[in-house]
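Quick notes on the structure that follows.
The values are calculated or read from the model by the stated rules, or taken from the named source; none is laboratory data. Since the model is a prediction, treat every value here as computed from it, not as a measurement. When we count neighbours, we look across all protein chains shown, and the Cβ atoms used for this are built from the backbone with ideal geometry, even at glycine. Ligands, DNA and RNA are stripped out before the accessible areas are found, and what is left, the full protein with its side chains, is counted by its heavy atoms. Shrake-Rupley method; radii C 1.70, N 1.55, O 1.52, S 1.80 Å.
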Amino acid sequence: MIQVGKVWYACEEHIDPVLDKIVDEYARAPDLIPLSTSDQEQGPGCHWCGKKPNYRLQLSVSE
Ligand SMILES: [Zn+2]
């Protein structure tokens, strides 16, 4: 079972700054998961601008 440590959302436009911020803070690259339309409707907005996100970025916890 994959344990998800932290999750962010980003739209097409802000995938780069959000990704940079995560790599900066955690020194690791998160997994990028493209969102389906139904995920976009339900999920929270882009971490940067609050609009509908196109991607989920998740950092899994691995020991
Ligand atoms: Zn955005």
Rounding to the nearest 10 and keeping the result within 0 to 90°, find how far the Cα-based axis of helix 15-26 lies from the longest principal axis of the chain.
20
Note down the nm distance, to one decimal, between modelled labels 7 Å out along Cα→Cβ at GLN42 and at ASP16.
3.2
Cα-centred dipole magnitude for the chain, charges only on beta-carbon of K, R (+1) and D, E (-1), debye, nearest 20
140
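Counting only protein heavy atoms and using a 1.4 Å probe, what share of the accessible area of the chain belongs to carbon plus sulfur, as a whole percent? Write out the running numbers ahead of the final one.
Numbers: 2100 of 4370 Å².
Ligands and nucleic acids excluded, carbon and sulfur reach 48 percent.
What 222 nm value per residue comes from the helices of the chain, counting each DSSP H run with n ≥ 4 as -39,500 (n - 2.57) and dividing by all residues, nearest 500 deg cm²/dmol?
Mean residue ellipticity at 222 nm (helix-derived): -8000 deg cm²/dmol.
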Taking the Cβ of TRP48 as the center, what net charge do the other residues with Cβ under 13 Å away carry, scoring Lys and Arg +1 and Asp and Glu -1?
-1
Report the local net charge at VAL23: Lys and Arg +1, Asp and Glu -1, summed over other residues whose C-beta lies under 13 Å from its C-beta.
-2
So, for the Cα atoms of the chain, Rg and Dmax in Å stand at 11.4, 34
